[in-house]
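The structure appears right after this line, and notes come after that.
The values are calculated or read from the model by the stated rules, or taken from the named source; none is laboratory data. Owing to the predicted nature of the structure, the values given are computational and were not obtained by experimental measurement. Virtual Cβ from ideal backbone geometry, glycine too; neighbours counted across all protein chains shown. Note: accessible area is taken over every heavy atom of the protein model, side chains too, but ligands, DNA and RNA are not part of it. Shrake-Rupley method; radii C 1.70, N 1.55, O 1.52, S 1.80 Å.
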Amino acid sequence: MPMELRKYQSEDSSIICSWIKDEKSLYQWSANCIGKFPLTGNEMNDLYASEMKCNKFIPLSAFDEEGNLVGHLRIRYPDEANSYVVRIGFVIIDPILRGNGNGKKMMQLAIDYAKNILNASKITLGVFSNNDCARHCYESVGFRSTGETEIYKMPIGEWECIEMELAIS
């Protein structure tokens with residue numbers, strides 16, 4: 001399936017939020033940053049409202065050749081003084097399109113965007129150890145564990161987050 005990225009628009013929120021089908025998925029995706037399950041549909045707009053005012057935060061949505069929203073992620077600069085390192089987060093693919101390489105396609109587009117548009121030389125991300133599908137997707141496009149982990153306290157338990165990175169040239 002051909003795919004392309006474009007800047008996130010407020011109308012994307014309700015569609016993306018509708019992809020979250022249970023509490024575990026919500027926390028795997030958002031690390032408890034976006035609200036409580038079930039989502040009502042406007043949570044992303046609420047969360048992104050202040051962040052989108054700065055140039056160090058780039059939310060992107062993925063679309064197929066027919067213009068259907070199929071995925072989303074955001075890129076931000078974890079250190080405002082370093083414009084060569086970006087961090088990807090909030091990665092999600094429409095559940096009906098998972099398992100067919102669409103996450104990999106979207107991540108490849110994000111890597112190209114970080115390299116060619118943002119001139120980044122390194123991309124970082126975190127993935128929970130209980131999210132094997134996401135971790136395998138990230139590894140398939142070249143991300144590797146840094147060996148660092150952090151424990152996140154979620155409303156449904158404590159989860160280990162694995163830090164990953166990809167050097168790009």
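Figures for the structure shown
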quantity: Surface per residue (accessible, 1.4 Å probe) for the chain, Å²; calculated: 52 Å²
quantity: Karplus 3J(HN,Hα) series, Hz, for segment 101-115 with 6.51 cos²θ - 1.76 cosθ + 1.60 (x for Gly, Pro); calculated: x, 6, x, 4, 4, 5, 5, 4, 5, 5, 5, 4, 4, 4, 6
quantity: Highest-fluctuation residue, Asp132, Asp12, Asp94 considered, GNM on the chain with Cα pairs under 10 Å; calculated: Asp132
quantity: Heavy-atom accessible surface of segment 54-169: percent carbon and sulfur, 1.4 Å; calculated: 45 percent
quantity: Straight-distance crosslink candidates among lysines, where the alpha carbon sits under 27 Å from Lys53 and sequence neighbours closer than 8 are dropped; calculated: Lys7, Lys36, Lys115, Lys122
quantity: Distance between segment 17-33 and segment 127-144 - C-alpha centres, whole angstrom; calculated: 17 Å
quantity: Cα-projected label distance for Cys54 with Ser121, points at 7 Å along beta-carbon direction, nm; calculated: 2.3 nm
quantity: Potential lengthening between Thr40 and Asp22 on full extension [0.36 nm per residue; Cα-Cα distance subtracted]; calculated: 5.2 nm
quantity: For the chain: relative contact order, % (alpha-carbon pairs under 8 angstrom, 6 or more apart); calculated: 19 percent
